[in-house]
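Following: one structure in structure tokens, then a few remarks.
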Amino acid sequence: MKKILKITLLVIVYLLVFSAGVQAYTANFSGTPTTVKSGETFTVKVTVDEATTLANSHITYDKSLFEFVGATQTNLSASVYAPKGEGEVAWMYTDMNANSKGVKTFELKFKAKNVTKDQTGVFKMSDATFITVGEKTYEGTNVKGDKNIAVTVKVNSSSNSLSSRDEASRNNTTISVSTTNKTSGSTTNKTSTTTYNSSLSSTNKTSASSSNTSKDKTTTEKSNLPKTGDRTYIALIAGVVFIVLAVIYKRKEKNLF
């Protein structure tokens, strides 16, 4: 009889221990993306396996890769807590409604910073306490599950492509600005294809205008000079000839008398 009683007590103890192990509370980062793009806003999720009405914990992160944005979930508040200058957020969920059904997910918004190469940072949960709908409290070692998650920030290829095009455009512009053409001793600067064509056309027009002006000046100067066949000079020459002939005639006439 005593043996049967001892066996029964051992079975009861075993069942109690087993049931306590089965009822262990689990919290992890299930639902959190493991890969994000530079500049992307994403949600870090703390997921539990039992409806919870009260909860709080700290989450540390690499602040060189991530920036805390805020919390938009009802009944959840969060703020940056960094006494050591590290990336850390303290959050708390409070639902005091007596008829509350609780929640199993707590959401925090983060933004990935811009990177030039793929980099990975770790989110880590600590100092966690959870109180369920049934008013059971879990904290410390009673909270099971993976409390770390690695998130990789990928280089945003579209941004890099745009940056490359902008850089190429700037380089082309610089090259265009620094390139010069020398024609007949004059220098013409090119700022771009369009500007260059425009300036070239303008230069040609200016050169043509200058050339025409020079021709006009030359023509004007030439027209101001006396011409060989001008009637004034013909009359002048004729007058001189007439005077010479008259003088000669008078000398001959004097000699005759």
Q. With respect to the numbered conditions (1) under 30 Å from T116 (Cα atoms); (2) surrounded by fewer than 19 Cβ atoms within 10 Å (Cβ to Cβ), which one is the sole condition not fulfilled by A51?
A. (1)
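Could you list, in sequence order, all residues of region 52-68 that are over 30 Å from A98 (Cα atoms) and of a type outside the set (G, A, S)?
Of the residues in region 52-68, the ones over 30 Å from A98 (Cα atoms) are 60-68.
Those that are over 30 Å from A98 (Cα atoms) and of a type outside the set (G, A, S): T60, Y61, D62, K63, L65, F66, E67, F68.
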Q. Can you name the residue in region 114-135 that is in contact (Cβ under 8 Å) with a residue 60 or more places away in the chain and among the charged types (D, E, K, R) and, of all such residues, is surrounded by the fewest Cβ atoms within 10 Å (Cβ to Cβ)?
A. D127
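Considering only residues that are open to solvent by less than 40 Å² (accessible area, probe 1.4 Å) and assigned to a strand (DSSP E or B), look in region 61-72 and name the one that is nearest to S38 (Cα to Cα).
As a first pass, look at region 61-72 and keep what is open to solvent by less than 40 Å² (accessible area, probe 1.4 Å): 61, 65-66, 68, 70-71.
Pick out the ones that are also assigned to a strand (DSSP E or B) and you get 61, 66, 68, 70.
Values: Y61: 16, F66: 10, F68: 14, G70: 18 Å.
Of everything passing the filter in region 61-72, F66 is nearest to S38 (Cα to Cα).
Inside region 34-48, can you point out the residues that are part of a loop (DSSP other than H, G, I, E, B), open to solvent by 50 Å² or more (accessible area, probe 1.4 Å) and farther than 18 Å from K147 by Cβ? Reasoning before the result, please.
Going residue by residue through region 34-48, those that are part of a loop (DSSP other than H, G, I, E, B) are 34, 38-40.
Among the residues that remain, those that are also open to solvent by 50 Å² or more (accessible area, probe 1.4 Å) are: 34, 40.
Result: E40, single match.
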Q | Selection from region 58-93 of residues that are touching a strand residue (DSSP E or B) at 6+ places or on another chain (Cβ under 6 Å) and either at positive phi or among the charged types (D, E, K, R) (or both) | A | D62, K63, E67, G70, N75, E88
Q) Looking at region 73-113, which of its residues are open to solvent by 80 Å² or more (accessible area, probe 1.4 Å), modelled with pLDDT under 95 and closer than 27 Å to V153 by Cβ? A) Y81, P83, K84, E86
Q. With region 76-154 as the region, which strands (runs of 3 or more DSSP E) entirely inside it contain at least 3 residues that are under 19 Å from T41 (Cα atoms)?
A. 76-80, 87-94, 103-112, 119-132, 148-154
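The values are calculated or read from the model by the stated rules, or taken from the named source; none is laboratory data. What you see is a predicted model, and the numbers here were worked out from it, not measured in a lab. Using ideal geometry, Cβ is built from the backbone for each residue, glycine included, and neighbour counts are taken over all protein chains shown. For the accessible areas, the whole protein counts, side chains as well, though only heavy atoms, and no ligand, DNA or RNA atoms are used. Shrake-Rupley method; radii C 1.70, N 1.55, O 1.52, S 1.80 Å.
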